[in-house]
1. Residues with beta-carbon under 12 Å from that of D11, excluding D11: net charge, scoring Lys, Arg +1 and Asp, Glu -1?
2. Expressed as a rounded percentage, what relative contact order does the chain have, with Cα pairs under 8 Å and six or more residues apart?
3. Just grab the label-to-label distance for A12 and E29, each label 7 Å out from Cα along the Cβ direction, in nm (one decimal).
4. Report the net charge of residues surrounding R56, where surrounding means a beta-carbon distance below 13 angstrom and charges are Lys +1, Arg +1, Asp -1, Glu -1.
5. Using θ = phi - 60° and the Karplus form 6.51 cos²θ - 1.76 cosθ + 1.60, what ³J(HN,Hα) does each residue of region 15-20 get, whole Hz, x for Gly and Pro?
6. Please compute one quarter of the surface area of the Cα convex hull for the chain and express it in square nanometres.
7. Averaged per residue, what accessible area in Å² does the chain show with a 1.4 Å probe, protein chains only?
8. Might you report the magnitude of the Cβ-based charge dipole of the chain about its Cα centre, with Lys and Arg at +1 and Asp and Glu at -1, to the nearest 20 debye?
Amino acid sequence: MLAAEIQLKIDANSAQIRSVANRIHMLEEEHLAEPGNADYVELRTQHKKLVDENRRLTDELLSE
């Protein structure tokens, strides 16, 4: 992948990370952030995947 493409993907992931984090925060404020809440679990999983992918992409970008 080209550096510009990697950076675009990182930027897109970052926007998604912020959106997911906001949704998680809303659930926490409503006291719905529990392991039994499927939406909360899915959002946490999605957040982790996006963060991990951004780390991998950042490493890839820095190694070029």
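The values are calculated or read from the model by the stated rules, or taken from the named source; none is laboratory data. Predicted, not measured: the structure shown is a model, and the values here were computed from it. In this analysis, Cβ positions are derived from the backbone assuming ideal geometry, glycine residues included, and neighbour counts consider all displayed protein chains. For the accessible areas, the whole protein counts, side chains as well, though only heavy atoms, and no ligand, DNA or RNA atoms are used. Shrake-Rupley method; radii C 1.70, N 1.55, O 1.52, S 1.80 Å.
1. Numbers: positive: K9, R18; negative: E5.
For residues surrounding D11, the net value is +1.
2. So the answer I get is 47 percent.
3. 2.9
4. 0
5. 5, 5, 4, 4, 5, 5
6. Details: hull surface 17.3 nm².
Taking a quarter of the hull surface, the average projection is 4.3 nm².
7. Heavy-atom SASA per residue in the chain reads 73 Å².
8. The dipole magnitude comes to about 80 debye.
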